[in-house]
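To keep things clear, I will list the structure first and then write my remarks on it.
Rule-based calculations on the coordinates, nothing more; no lab input. Quick caveat, the model's predicted, so the values are computed rather than measured. No Cβ is skipped: glycine too gets one built from the backbone with ideal geometry, and neighbour counts run over all protein chains shown.
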């Protein structure tokens, strides 16, 4: 699993699976955010499967899907809200990590937590 730390409280990664949730918890993550819509690829695990694993592990989970090539203002605000209210550290994922990184760059000015 490739994890890229953007700040002390936020990291991004490519697609994860339900089997990755417990190792993520052991790494100290307390919240997972899915920025990938279901059904982009044939063998992609559905977000609900990962959300269920997160809940079973005692982690927070948010589903804020970003369609490729679009930036829905509601998703951007939802991402900012999730980062401001969810326990950190947070792992956000999508297909490659790029959409999660772009969301972070867009919401940095709206974050209550100091970006580091």
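Cut-off is 10 Å between beta-carbons; in what order do 31, 101 appear when sorted fewest neighbours first?
Ranking 31, 101 by Cβ neighbours within 10 Å, fewest first, gives 101, 31.
Please arrange 30, 36 by how many other C-beta atoms lie within 10 Å of their C-beta, fewest to most.
30, 36
Per residue, what volume in Å³ does the convex hull of the Cα atoms of segment 4-110 enclose?
88
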